[in-house]
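Chemist: Provided herewith is a single structure, encoded as structure tokens, for subsequent inquiry.
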Amino acid sequence: MRLSTSQQLQRAFAAIEARASSGSNATFAARAAALERLDVHVLDRLRHVEEVAGLPAPLQALRARAVALREGLEASSERVARRLRRRIASGRYSPAGLRRAFHRTAGAVEDPASRGGYDTLDLLVGRLLDAGIPPEEPGARAPERIDYQPTPARAVLSLIDRAHLGPDDVVYDLGSGLGQVVILVALLTRARAAGIELERAYCEYARRSARALNVPDVEFVQADAANAHDASLASGTVYFMYTPFRGAPLRKVMERLRVEAAERPIRICTVGPCTADVASATWLAPAGPRQHGEHEVAVFRSVA
């Protein structure tokens, strides 16, 4: 016999609630999965039913229970993130120790390709770097400027590994947004890290995040990477781009970096559509294995 919509929703919620009460949601990763199921299979469907026909009393009661469960799961996850934030700010973790803590808390690597490159680690990092209400998106961007999206956290880990970042490196994130790459690089490698970001409000948010976590050796410069003063990119050994721009702005940045490469060896690391443009530069060569997916980090080194 086919179940009614109300019966389907009651069953879906009962399954999620049972798993939550049985202890299977004891980890951050499990709670994140439960929250997603609760949103998609219960709360979103309840909203649809309400829009179409209104909610009868039994489904109103179900919604109240679902909201309460969601609030409880969110509160538990926030307690975990708050504890981890305190430990980071106190300097408790070495770079390797913090990476192990990330793995324990967020769980194993998911399939980020199915989620646009994002997974549970991004939910954890988002809580850790929370510096209050994020700034509003700016108005229409200039041509060939890409709307801001945070770099997936797994891509930052890949950047660290593929570029072999260490304490002697100076890393620039070009188009650094809310500061996620810069802060994670500083925490997980002890490299010096700086962000170049056009939007002043984004830079201010990133500075608040870094201060709250007591992150050393980071800087956020409010400037246009394509037109910034020469000194703003000096001394870098690694330059990262999560495709902040294409076309003319990217060509200007690449010319700037070619000048830097004439002074010292540098590496350029990219994710996304700009990778193909960077790969065409005759003064660069692939460093290590070529990347094959849209969300993978490609690393290039300058050649004499």
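Chemist: Look through the range 163-184, keep the residues that are closer than 14 Å to Y239 by Cα and of a type in the set (A, V, I, L, M), and return whichever of them is nearest to the chain's Cα centre (by Cα).
Modeler: Looking at the filtered set, the residue picked out is V181.
Chemist: Taking the condition assigned to a helix (DSSP H, G or I) and of a type outside the set (G, A, S), does E255 pass?
Modeler: Here the answer is yes, as E255 does meet what is asked.
Chemist: State yes or no: is E296 among the acidic types (D, E) and either more than 22 Å from I146 (Cβ to Cβ) or surrounded by 17 or more Cβ atoms within 10 Å (Cβ to Cβ) (or both)?
Modeler: Judged against the criteria, E296 is a match.
Chemist: Is it fair to say A20 is hydrophobic (A, V, I, L, M, F, W, C), under 31 Å from the mean Cα position of the chain (by Cα), modelled with pLDDT under 90 and assigned to a helix (DSSP H, G or I)?
Modeler: yes
Chemist: What are the residues in the range 206-252 that are under 27 Å from R162 (Cβ atoms) and in a strand (DSSP E or B), if any?
Modeler: V218, E219, F220, V221, V238, Y239, F240, M241, F245
Chemist: Do the conditions hold for V156, that is, is it within 16 Å of G117 (Cβ to Cβ), touching a Leu at 6+ places or on another chain (Cβ under 6 Å) and surrounded by 19 or more Cβ atoms within 10 Å (Cβ to Cβ)?
Modeler: In short, yes.
Chemist: Only one of these is within 14 Å of the chain's Cα centre (by Cα), at pLDDT below 95 and either in the same structural domain as V42 (by TED's automatic domain parsing) or of a type outside the set (A, V, I, L, M) (or both): T120, T105. Name it.
Modeler: T120
Chemist: Now for a different question. Output yes when any residue across the range 267-274 is under 18 Å from V125 (Cβ atoms) and buried (at least 19 other Cβ atoms within 10 Å of the Cβ), and no when none is.
Modeler: Yes, that holds for at least one residue.
The values are calculated or read from the model by the stated rules, or taken from the named source; none is laboratory data. Only a predicted model underlies this, so the values are computations on that prediction, with no experimental measurement involved. Quick reminder, even Gly has a Cβ in these numbers, built from the backbone with ideal geometry, and neighbours come from all protein chains shown.
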